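The next block holds one structure in the form of structure tokens; read it before the comments.
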Amino acid sequence: MNPYWSRIARELSPYVPGEQPRIANLVKLNTNESPFGPSPRAMAAMQDAAADTLRLYPDPEATELCQALAAHHGVKPDQVFVGNGSDEVLAHAFVALLKQPKPLLFPDVTYSFYPVWAQLFGVACKIVPLDDGMRLRIEDYRREAGSIVIANPNAPTGIALPRAEIARLLEDHRDIPVLIDEAYVDFGGESAAPLIADHPNLLVVQTMSKSRALAGLRVGYALGDAGLIEALRRVKDSFNSYPLGRVAQAGATASLRDDGYFRKSCSLVMAAREAMTRELVKLGFVVLPSSANFVFARHPRRSGTELAAALRDRAVLVRHFNKPRTEPWLRITVGTEDDIQRLIAAAAEILGS
Ligand SMILES: Cc1ncc(COP(=O)(O)O)c(C=O)c1O
């Protein structure tokens, strides 16, 4: 251990992001990126923004982007906060809202960054197991809590709760902050954003990385009561006042103005997800019902470790979480038609079907 490390650095167990390897002809289905490019309008706006003005700092409040997001979601601009990917927005929310004297609740099988931020920021937490079918039950959250974070649709299961269930959770917990992480909501989920008007404790977090194919740009945002947004701003301005560069602000704003492209790519991904699910089921996989741009699947005859390695040997990369409850499962991103054909052919060969 390096002697210069702080105690915090020594004690961390950092999040491990999905691999970004440079292997030729790889089928990359491990980090839930979009199989399509960003909106052509976003591309043009980013090219325009790559100009002499880059010598100047960007708008620290990303005013135009916040206005476009407010119009898109039917809220006011002071109910919007943007950050460098939703990971940064979530990290700020842990500090600004979720760190309370009583514990933060979240599921055992969920986005694996939550326990990492809890550790980094010293947030006490209580893990609430999903049921045997990997479903989240709102009743299980009827207990003493300081705050709650839930991914809806959940990751890596892909299972979504209807808005009415989130409303039930909010009725049970009017006095604590509740964060709904909607990274995958555009692929068939129901956003909790319409509940913001009646729930000053609700923060909804979304990203442009998945449904808007801008993972490389790093733009995420939160929607909520102006009081909650103010807390996020206070943390941001104590950390990095300019989280989004000029190119990112321009590209994200233009993407929001291209609703036709957005809707079309989401529906193509959803149709491809159903086709991919049918093919996996034909090979004997058990596939959870997904409302995301990935599926969570296991095969009764092979372990997850074995399948992930055998697929990798055939240049097909999927995500495997080697923890007791998730070991049998693979999280597979919905790719292009060609990606899906290659995945299915590789899986068929491995299974000898
Ligand atoms: C549930 C969930 N939330 C948030 C994120 C972070 O996305 P980003 O930082 O790209 O906006 C991810 C990324 O995979 C995710 O799966």
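Data overview
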quantity: Boolean, ASN152 is surrounded by 18 or more Cβ atoms within 10 Å (Cβ to Cβ) and out of contact with any helix residue (DSSP H, G or I) (no Cβ under 7 Å at 6 or more places or on another chain); calculated: no
quantity: Total residues in segment 306-323, condition over 20 Å from TYR15 (Cβ atoms) and either in contact with a Ser or Thr (Cβ under 7 Å, 6 or more places away or on another chain) or assigned to a helix (DSSP H, G or I) (or both); calculated: 7
quantity: Conditions (1) assigned to a loop (DSSP other than H, G, I, E, B); (2) under 29 Å from ASP258 (Cα atoms); (3) more than 16 Å from the ligand (Cβ to nearest atom); number of the one not met by ILE229; calculated: (1)
quantity: Matching residues in segment 113-130 - criterion: being farther than 15 Å from GLU182 by Cα and assigned to a loop (DSSP other than H, G, I, E, B); calculated: PHE121, GLY122, VAL123, ALA124, PRO129, LEU130
quantity: Yes/no for GLY352 being surrounded by fewer than 15 Cβ atoms within 10 Å (Cβ to Cβ) and of a type in the set (Gly, Ala, Ser); calculated: yes
quantity: Sole exception among (1) touching a Pro at 6+ places or on another chain (Cβ under 6 Å); (2) closer than 25 Å to ARG163 by Cβ; (3) β-branched (Val, Ile, Thr) for THR277, by number; calculated: (1)
quantity: Out of VAL286, VAL334, sole residue that is among the aliphatic types (A, V, I, L, M) and touching a residue at least 24 places away in the same chain (Cβ under 8 Å); calculated: VAL334
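Values in this text are rule-based calculations from the coordinates and carry no lab data. Because the structure is predicted, anything quoted here is derived from the model rather than measured. FYI the Cβ positions are ideal-geometry reconstructions off the backbone, even for glycines, and counts take in every protein chain you see.
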